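Enquirer: Provided herewith is a single structure, encoded as structure tokens, for subsequent inquiry.
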Amino acid sequence: MTETASPPSAPLRARAEIDLAALRANVRTVRAKASGAAVMAVVKSDAYGHGALRCARAALAAGATWLGTATPEEALALRAAGLRDVRIMCWLWVPGGPWREAIEADLDVSVSGLWALSEVVGAARAAGRPARVQLKADTGLGRGGCQPGDWAELVAEALTAEREGLIRITGLWSHFACADEPGHPSIAAQLTGFREMVAHAEGRGVRPEVRHIANSPAALTLPESHFDLVRAGIALYGVSPSPELGTPAELGLRPVMTLSASLALVKHVPGGHGVSYGHHYTTAGDTTLALIPVGYADGIPRQASGAGPVLVGGKWRTAAGRIAMDQFVVDLGGDEPEAGAEAVLFGPGDRGEPTAQDWANAAGTIAYEIVTRIGARVPRVYVDAEADAGADAEADADADGQDG
């Protein structure tokens, strides 16, 4: 991923501006909402497309005390980039995964079943040191996690391994299915199930450092779910977990990413002119068309063809016809900005520009996907990063401007 420390002097084809001050403010908002619980900053999938290393450092500077990733490879990359004195948890494992490397890097690893416990115990023996293990309970989401009927056996086997000095059970955790749907009956059911599974484990002698089930929507709206730790993902990047919970501003959040591009071409065309593949759009009369030099290879959803909004010259425009791999067109209705003028696809909305949620609505998806899918061809340009400059300087030099 290309990274630029500050805004460049020359226009880029496209850029994703990452406001680290906004990210730090969002961390502080989550901390205030979850007072009494520690905050895990989830930086999986390159920090939801924002840049894992820079965002991790900003989150830690604002008071997060844990980092979370999906894959062990993501967590190991953070360790290799210099984040050695912070707790990092990773939870998406498959058989044969890098268990020993995770143990030697002092990662907290999630275990949902006996196969994983067996592999981590074997790796601990090989490493000659105990593994940090968090046992995951399936309280109703139906993805990872141990079913209630299998929980007693998993807990018993984990305690045996702990007594043998092969693991330390550092956490008990689960994940909500519908915390972004206020009042959904599964929320109370999962909380009850989690409390029961925690009580069973603790009754058998487990002494976890942390118990956690709250994701971003729960951290923001369900204080009864906070326990010892909340895992904040999308909220840190200033995106509302769902429109039903409120806008980012209503939740005290500020969007972190602004995606813009430079117009590659502005030209006059007559009425009746087809635009882009399949001619799903035809000009109604004499007009001007602008070429936006990003497409689905950059993460712009093709599903938003004919509907994706863009701010050009202070006005909302809509993708005219199909969004292609590298580019799409907007109809300017006769306006004539210069080639190189800015087109803002989404941002906080302060200047009247669309938001990630507007693109999600146009594509029939969620705002999480809009920011996460922005690809590696789009440079991340970090702004307002003064508080991180000292911490980042050495790692930036070592990484030659690349994220970990």
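The values are calculated or read from the model by the stated rules, or taken from the named source; none is laboratory data. Since the structure is predicted, the reported quantities are computational estimates derived from the model, not experimental observations. Because the Cβ atoms are built from the backbone with ideal geometry, glycine has one as well, and the counts that use them run over all protein chains shown. Ligands, DNA and RNA are stripped out before the accessible areas are found, and what is left, the full protein with its side chains, is counted by its heavy atoms. Shrake-Rupley method; radii C 1.70, N 1.55, O 1.52, S 1.80 Å.
Enquirer: Could you grab me the full set of residues in the range 310-333 that are of a type in the set (D, E, K, R), closer than 25 Å to T372 by Cβ and either within 27 Å of the chain's Cα centre (by Cα) or open to solvent by 40 Å² or more (accessible area, probe 1.4 Å) (or both)?
Expert: Here is the first cut: in the range 310-333, the ones of a type in the set (D, E, K, R) are 315, 317, 322, 326, 331.
With the extra rule that they be closer than 25 Å to T372 by Cβ, the set shrinks to 317, 322, 326.
Selection gives R322, D326.
Enquirer: Answer yes or no as to whether V378 is modelled with pLDDT of 95 or more, part of a loop (DSSP other than H, G, I, E, B) and surrounded by 16 or more Cβ atoms within 10 Å (Cβ to Cβ).
Expert: For V378, the condition - modelled with pLDDT of 95 or more, part of a loop (DSSP other than H, G, I, E, B) and surrounded by 16 or more Cβ atoms within 10 Å (Cβ to Cβ) - is met.
Enquirer: Name the residue, out of A127, A102, that is in contact with a helix residue (DSSP H, G or I) (Cβ under 6 Å, 6 or more places away or on another chain), free of Cβ contacts under 8 Å to residues at least 40 places away in the same chain and crowded, with 19+ Cβ neighbours inside 10 Å.
Expert: After applying the criteria, what remains is A102.
Enquirer: Same structure, new question: Of all residues being part of a helix (DSSP H, G or I) and of a type outside the set (G, A, S) in the range 138-153, which is surrounded by the fewest Cβ atoms within 10 Å (Cβ to Cβ)? Just the residue, please.
Expert: E153
Enquirer: Right, another one. Looking at the structure I just gave you, is A235 outside any helix (DSSP H, G or I) and under 19 Å from I370 (Cα atoms)?
Expert: So A235 fails the test.
Enquirer: Still on this structure, please answer the following. Can you find, within the range 296-348, the residue that is farthest from H280 (Cα to Cα) among those that are in contact (Cβ under 8 Å) with a residue 60 or more places away in the chain, outside any loop (DSSP other than H, G, I, E, B) and in contact with a helix residue (DSSP H, G or I) (Cβ under 8 Å, 6 or more places away or on another chain)?
Expert: F346
Enquirer: Continuing with this model, one more query. Counting only residues that are open to solvent by 10 Å² or more (accessible area, probe 1.4 Å) and not in a helix (DSSP H, G or I), how many does the range 43-55 have?
Expert: Selection size over the range 43-55: 0.
Enquirer: Still on this structure, please answer the following. May I ask you to say which residue of P217, P208 is touching an Asp or Glu at 6+ places or on another chain (Cβ under 9 Å), modelled with pLDDT of 95 or more and not in a loop (DSSP other than H, G, I, E, B)?
Expert: P217
Enquirer: From the list A32, A25, A58, A16, which one is modelled with pLDDT of 95 or more, open to solvent by less than 30 Å² (accessible area, probe 1.4 Å), in a helix (DSSP H, G or I) and of a type outside the set (V, I, T)?
Expert: Of the residues listed, the single one that is modelled with pLDDT of 95 or more, open to solvent by less than 30 Å² (accessible area, probe 1.4 Å), in a helix (DSSP H, G or I) and of a type outside the set (V, I, T) is A58.
Enquirer: Of A360, A307, A367, A343, which residue is closer than 30 Å to E250 by Cβ, open to solvent by less than 10 Å² (accessible area, probe 1.4 Å), over 22 Å from the mean Cα position of the chain (by Cα) and at pLDDT 95 or above? Reasoning before the result, please.
Expert: Working: A360 fails: over 22 Å from the mean Cα position of the chain (by Cα); A307 fails: open to solvent by less than 10 Å² (accessible area, probe 1.4 Å); A367 fails: over 22 Å from the mean Cα position of the chain (by Cα).
Criteria check complete, one pass: A343.
Enquirer: Considering each of V94, V86 in turn, give the residue that is out of contact with any Lys or Arg (no Cβ under 7 Å at 6 or more places or on another chain), free of Cβ contacts under 8 Å to residues at least 40 places away in the same chain, β-branched (V, I, T) and closer than 17 Å to A232 by Cα. Lay out the reasoning, then the answer.
Expert: On the way: V94 fails: closer than 17 Å to A232 by Cα.
Criteria check complete, one pass: V86.
For every residue, the table says whether it meets (1) under 24 Å from A62 (Cα atoms); (2) charged (D, E, K, R); (3) open to solvent by 20 Å² or more (accessible area, probe 1.4 Å).
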{"residue": "S174", "(1), (2), (3)": "no, no, no"}
{"residue": "E181", "(1), (2), (3)": "no, yes, yes"}
{"residue": "A199", "(1), (2), (3)": "no, no, yes"}
{"residue": "N215", "(1), (2), (3)": "yes, no, yes"}
{"residue": "A219", "(1), (2), (3)": "yes, no, no"}
{"residue": "G238", "(1), (2), (3)": "yes, no, no"}
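Enquirer: Something else: Of the residues P95, P11, which single one is modelled with pLDDT under 95, open to solvent by 40 Å² or more (accessible area, probe 1.4 Å) and either under 19 Å from the mean Cα position of the chain (by Cα) or not basic (K, R) (or both)? Give the steps one after another, and end with the answer.
Expert: Numbers: P95 fails: modelled with pLDDT under 95.
Criteria check complete, one pass: P11.
Enquirer: Same structure, new question: Could you check A290 against (1) in contact with an Asp or Glu (Cβ under 9 Å, 6 or more places away or on another chain); (2) surrounded by fewer than 17 Cβ atoms within 10 Å (Cβ to Cβ); (3) small (G, A, S); (4) not in a helix (DSSP H, G or I) and say which number it fails?
Expert: Exception for A290: condition (2).
Enquirer: Something else now. Does A156 satisfy being more than 30 Å from G246 (Cα to Cα), in contact with a His (Cβ under 9 Å, 6 or more places away or on another chain) and open to solvent by 10 Å² or more (accessible area, probe 1.4 Å)?
Expert: Spelling it out, it is not the case that A156 is more than 30 Å from G246 (Cα to Cα), in contact with a His (Cβ under 9 Å, 6 or more places away or on another chain) and open to solvent by 10 Å² or more (accessible area, probe 1.4 Å).
Enquirer: Are any residues in the range 240-281 open to solvent by 20 Å² or more (accessible area, probe 1.4 Å), aliphatic (A, V, I, L, M) and closer than 17 Å to R317 by Cβ, and if so, which ones?
Expert: Those that are open to solvent by 20 Å² or more (accessible area, probe 1.4 Å), aliphatic (A, V, I, L, M) and closer than 17 Å to R317 by Cβ: A264, L265, V266.
Enquirer: Only one of M40, M89 is surrounded by 18 or more Cβ atoms within 10 Å (Cβ to Cβ) and out of contact with any Phe, Trp or Tyr (no Cβ under 6 Å at 6 or more places or on another chain); which? If you could, list the steps in order and put the result at the bottom.
Expert: Numbers: M40 fails: out of contact with any Phe, Trp or Tyr (no Cβ under 6 Å at 6 or more places or on another chain).
Unique residue meeting the criteria: M89.
Enquirer: I need a count of the residues in the range 172-195 that are more than 22 Å from the chain's Cα centre (by Cα) and either free of Cβ contacts under 8 Å to residues at least 24 places away in the same chain or not in a helix (DSSP H, G or I) (or both).
Expert: Count: 7.
Enquirer: For the range 157-171, what are the residues that are in contact with a helix residue (DSSP H, G or I) (Cβ under 8 Å, 6 or more places away or on another chain) and assigned to a helix (DSSP H, G or I)?
Expert: Result: E157, A158, A161.
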